[in-house]
Amino acid sequence: MNCPACKGVVVVVEYEKIELDYCTQCSGVWFDSGELELLVERLHLDGTGLKPEEISALAEKDVHEKPRRCPICGRRMKKVVLGSEPEVLVDVCPVGDGLWFDGGEVTQVLSQLRCKPSPGGRTDRVINFLGEVFKAAT
């Protein structure tokens, strides 16, 4: 798979049976819809708005950033905003193939959830893992 942002090489990184597709050039991350669902389930993040169907239902944000194509189906992805302070702009496949996060954006979204309780500190462990693997500030 090629990176939808920079066309670089995307490698698969696995953590607790969740495969994340990571661009070695721009540090972006592709989540197939099933992978994001697994992450939400494992971190007990139900009700946080991170389920794929909840993200897909968000209104498209009107921005000047160049549209990107889904690396799976090739369709133009819509841009939606997740989180706040800062808002995180992600690209969502219109038919549900997955989501694209630019470098550091996954960690930004998960960091906003740090204040919410998570059994066994799983959220902190995964945030720290993502920070190391994706070279994102946590």
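Please go through the residue pairs LYS7/LYS51; LYS17/LYS51; LYS51/LYS79; LYS17/LYS78; LYS17/LYS66 and name each one whose alpha carbons sit more than 24 Å apart in this structure. In this structure, LYS7/LYS51; LYS17/LYS78; LYS17/LYS66 lie more than 24 Å apart at Cα. Local charge for VAL11 was computed over the other residues whose Cβ lies under 11 Å away, with Lys and Arg +1 and Asp and Glu -1, and equals -3.
The label point for GLU14 and the one for GLU54, both projected 7 Å from the Cα toward the Cβ, are 2.8 nm apart. A probe of 1.4 angstrom, applied to the heavy atoms of all protein chains, finds CYS73 with accessible area near 50 square angstrom.
Charges were assigned to the Cβ only: +1 to each Lys and Arg, -1 to each Asp and Glu. The resulting dipole of the stretch 1-90 about its Cα centre is roughly 600 debye.
Summing +1 for each Lys or Arg and -1 for each Asp or Glu among the other residues whose beta-carbon sits under 11 angstrom from that of LYS78 gives +2.
Here, the stretch 46-107 is characterised by an Rg to Rh ratio of 0.93, where Rg is the alpha-carbon radius of gyration and Rh the Kirkwood radius.
The values are calculated or read from the model by the stated rules, or taken from the named source; none is laboratory data. Fair warning: this is a prediction, and the values are worked out from it, not measured in the lab. Quick reminder, even Gly has a Cβ in these numbers, built from the backbone with ideal geometry, and neighbours come from all protein chains shown. These accessible areas exclude ligands, DNA and RNA; they are computed on the full protein's heavy atoms, side chains included. Shrake-Rupley method; radii C 1.70, N 1.55, O 1.52, S 1.80 Å.
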